[in-house]
Structure formats: C-alpha cells, structure tokens
Amino acid sequence: MRVNRNTAHRDPLYKEDLPVLRGDGLLNHDLLPDESGPQDQCGVFGVWAPGEEVAKLTFFGLYSLQHRGQESAGIATSDGKKILVYKDMGLVSQVFSESSLESLVGHIAVGHNRYSTTGASSWRNAQPTLGRTASGTVALGHNGNLINTAELLEMLKLKYPDQTENEITGGNTTDTAVLTALLAGDMDHTLEATALELLPKVRGAYCLVFMDETTLYAARDPQGVRPLVLGRLERGWVVASETAALDIVGASYVREIEPGELIAIDEHGLRSTRFAEVKRAGCVFEYVYLARPDTTINGRVVYEARVEMGKTLAKEYPVEADLVIPTPESGTPAAIGYSQESGIPFGHGLVKNAYVGRTFIQPSQTIRQRGIRLKLNPLKEQIKGKRIIVVDDSIVRGNTQRALVQMLREAGAKEIHVRISSPPITWPCFYGIDFATRAELIATGLGVEEVRQSIGADSLGYLSKDGMVRATNQEEKQLCTACFTGKYPIELPAEDRLGKDLLEKPAAACEPGPDSELDAILKASDD
C-alpha cells in the first residue's frame, strides 16, 4: 500500500501526531543491500537564516555531503511555531522534490543523510529524529557512533520505568533514538539546559545538529572525532559536517565547532558553552578517505594531505614501472602525489561508472560474478603491456583489490604493483565507520607478503603510520589512529555493552500490528 504524500505520520520517538512526511510512502523496511568496505558515516547540516529558503539551502548542503551517507535523507524546518519533517530512504536527489522543499517553510532547518552504523537501514531509523520537550519539539541529526548506549538506555528506563525499550524508542533501533529521547524527556528544563546536563554523560563520537521551534543547536564530542564547522551567511548562520557544504550554499567559513562545545543560535545571536574539557582525537581516516578532497579539517586541506601521502608512499615503496593509475575516485590524489615524487607518468587506467551506487535491483548471477565491472572497467589500450602501479586508499577485506588485479591482468598489464596510502587496517572502528569485524579484516591475520599473494599483485606497499600522520599536519596525539593501532582514545566498555545494534529488534517487532495507531492512519489514508 502507498500512502498519500500529504498524510500525517507518527514519528517513533514523538508521542503525538506529527506532520512527518514520507517521500513516497513506502512501508517496506531494509530496502537497501549491504555493501562491504569502509563505509562513510553520516552528514549533518543546519541553518538559521530568516528570509532565506532554508529547506533549499539544507538540500544543497546535504547534496554536497552525499558521500557521507547514501541510505536515507531528511530535513526538518521550523517557522518559530511548529516543526515539519520530511524524510525517506534514498539519495538526497531522490528523496526531495521542488514541491516537498517548498512545503518545508521556516527560517531554521536541520538536515541529515545517513549511512547506518547502528540500527537497520529503514525509514523508521531515518533522521532527523523527533521528540517532545518542555517547550515544544526537538529535531535531531547525528553523525558518529556512541559507545555507552547501554548506559544511556538505562538512564532512559529510569525516566520511563513502565515502558519497554521498544515503547520508549518507538521501534527506532539507533543510538540517536536514545539520545533524542533523553534530550526530550526532561519536562522541567529548557532544551539547552537539558543538553548541557546530558552531553557530559555521552561517550563516543558525536556531531549533533538539532533544534526546537526557535533555536538551532550544534554540539561536538570532547575528542572531536568527526568534523563539524560553523559558517556565516549574509542573513544567518550555517553548521555542517564539512567545509565543502559551506561552499556550495555560499557561506563563509568562520571556524570549527570546538570539541566539547555546544553552540546555540537564535534571534539574540550566537552563544557558546563548553560542556567538557577538550581531548582532541580527530579521525585520521577522514584525511585518508572519508572527507571530500575539497574539505579543510583543522586547517589542513584534505586534497593536499592525500597528495602528500602519495609522495611519501613513493619514497617508502619505490618500484620501476611505466604508469601510475588511481582506483577512482578515492585513490586519485595519492596517485598524483606518487607520480610527482617518482617521476612515473600519471594516467587513468580505470573508468568508473559515476551512476553506480546503492541499487534496489540485485544483479543476476552472471553479472554478480563480474560485479566489479559494474563500477570499474579497464582502459585496455592504456595498460596493455605496461608495468602498472595502482594506488588506492585502503584494503579492508581484499575482495575488491583481488578482483581489480585479476581484471587488469586480463586487460594485458605486464606487472601490477599495488600501493596503499594508509597502513594496514587491523582493528574495527567504534566511532562511526562501518569497517568489517576484526576477523574479516584481511591484514589482521596476514602479513604484507601474504596479503600480496592473496590479492595476486606483483608487489604491495602500505604507507607507514608516521608518513600518514605527517601528511595531515596534525600531532599524532591529537588524532585517532585506532583502526591501524588498536589504541582507542575513548575507553571502550565491556564487549557485551558495546554492540552497535543494542536496540535492534527482530523485524516482526517493528512492523505495525493490526490494531496499531499507524495501521489506523493507513486505513484512513488514500491509496
């Protein structure tokens, strides 16, 4: 059954009927297939700008942050009196239309695009999430991953002792759901006061952009694991995951939102409050792969860092070859750096299909066996008979590199030398990157030579940790390198309290029953 686009729905965390709109009204969950490899986390965007079309600004901000999450997208706006949320599964350009953006009126907005690191990939878990506060409503978007969700859930149960987990979160199975419910659960204090009391108790990686009817808020964890920046419009303010999002909406960069800082923006201006001591540990993998090349993080342009990684890689692992090629697009800056340092010509030996992303259509068995060609195809005349250096940002399971090497050999490459612009990944991430488990990481159980044999390359070289860190222009003590070293800057709880899906329920538990309120809404709606 499809639901009329104008039908009001009930957000799981919100206890009253809400104008939360589904982009197409689809009811089936888990629409998107899983992907392997280092997946991006989420992108967040917020704007306070009277007189501006804030929904459209947020749309374009999310569009520029699409690389950080491709599963769902959502925007919440406020006109000072009420909040309206529109969200659905899919890419930003698929979720929103001109008419849907025009319906999101107001001068405050928060937006989110999601890659699921906790909770299933379903509309129920799409963001922004909503909750009732003492003065109105809260709409929240979260980038990162919390590590004390179990502890926060216990706090929530104390607030609602007569309700089950599923009743408290409304079936939303993300750490964001718990955080939203805690922010919304204090009816005796303002949202700002509640946030300042709650945030020091939250551990893990979090960049939060949230709002009530009158105020835009943004907060960053004390370690500053994920990036979050502040920008200035002629008639307002913008907060975003990356500086690239400021550029696309015409906002000038002001500064980073500092680790352990909560900012609030309303008609009285911008105010800042420190809620925790700074213990900076920014994710080094943002420089390696996650962030856009045109983004600046803590004063360092990501593109320049990646080029420098390639130059250092050429010094550490030189080899005689005829051509340096990148694995598009993530390996391109490092391949340029490798070429510049080594003097070996740079070229494009692989063509990427720019339109291959997450698909609803599963490939046939025949196509699945040649699956990598859906995304990459060799330029045979460029590589035939040549000694090729292939530069990529990382190796996770090794499946992609193995297939890539085989494909290049079939295309006639004489030699294939793989160079990786980061060290071997040997530990999982608990701060917002959906790496494989440690048992699945190829470098956990194999040495460099064994990995080389596994992927079938003639040689293999990883960038050293010191070379990677130097390229960022940051001090190592101010970076998180846990996926390479196993040294986690935020102490992890016991394994049984660390699960990324503590709130996950069997699918049946999340489906509306025959007598549910959602079912009643659906029966009343137009087909």
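Read-outs throughout are calculated quantities, based only on the coordinates presented, and are distinct from any laboratory measurement. Just so you know, these numbers come straight off a predicted model, no measurement behind them. A quick note on method: Cβ atoms are made from the backbone with ideal geometry, for glycine too, and the neighbour counts reach across all protein chains shown.
Worth pointing out:
- Two-site FRET efficiency, Glu151 against Lys465, from Cβ-Cβ distance with R₀ of 51 Å, rounded to 0.05: 0.95
- Rounded to the nearest Hz, the phi-derived 3J(HN,Hα) couplings of region 220-232 under the Karplus curve 6.51 cos²θ - 1.76 cosθ + 1.60 (θ = phi - 60°) are 9, 5, x, 8, x, 4, 9, x, 7, 10, 10, x, 10, where x marks glycine and proline.
- For Leu323, the amide hydrogen comes within under 5 Å of the amide hydrogens of Arg387, Ile389, counting only partners 5 or more places away or on other chains and with H modelled in the peptide plane.
- On the basis of the beta-carbon distance and an R0 of 45 Å, Gln94 and Glu491 show a calculated FRET efficiency of 0.65.
- Here region 203-279 and region 87-114 have alpha carbon centers that stand 20 Å from each other.
- Placing a pseudo-label 7 Å from each Cα along the Cα-to-Cβ vector at Val351 and Ser103 gives an inter-label distance of 4.1 nm.
- Local charge for Gly412 was computed over the other residues whose Cβ lies under 10 Å away, with Lys and Arg +1 and Asp and Glu -1, and equals +3.
- Net length gained if the chain between Asp322 and Gln163 were fully extended (0.36 nm per residue, minus Cα distance): 50.6 nm
- Which listed pairs, of Lys380/Lys465; Lys352/Lys386; Lys279/Lys315; Lys56/Lys352; Lys352/Lys380, have C-alpha distances above 24 Å, in listed order: Lys380/Lys465; Lys279/Lys315; Lys56/Lys352
- Paramagnetic label reach from Glu192 (point 7 Å along Cα→Cβ; backbone nitrogen cut-off under 20 Å): within region 50-84, residues 50, 78-83.
- Table column - 3J(HN,Hα) (Hz), region 237-243, Karplus curve with 6.51, -1.76, 1.60, x for Gly and Pro: 10, 9, 10, 7, 5, 9, 5
- Peptide ranges 191-201, 102-112 listed from the most packed, as the mean C-beta count within 10 angstrom indicates: 102-112, 191-201
- One chain, two ends: Ala134 and Thr426. Fully extended at 0.36 nm per residue, the span grows by 100.5 nm beyond their Cα-Cα distance.
- The protection proxy used here, the mean number of other Cβ atoms lying within 10 Å of each residue, ranks peptides 473-479, 387-393, 406-412 as follows, highest first: 387-393, 406-412, 473-479.
- Backbone HN-Hα couplings from phi across region 197-212 [Karplus 6.51/-1.76/1.60, Hz, Gly and Pro as x]: 7, 7, 4, x, 8, 8, 10, x, 9, 8, 10, 10, 10, 9, 7, 10
- In this structure the amide hydrogen of Gly204, modeled in the peptide plane, comes within under 5 Å of the amide hydrogens of Ile147, none closer than 5 places in sequence on its chain.
- For the peptides 130-137, 151-158, 86-93, the ranking by mean Cβ contacts within 10 Å, running from highest to lowest, is 86-93, 130-137, 151-158.
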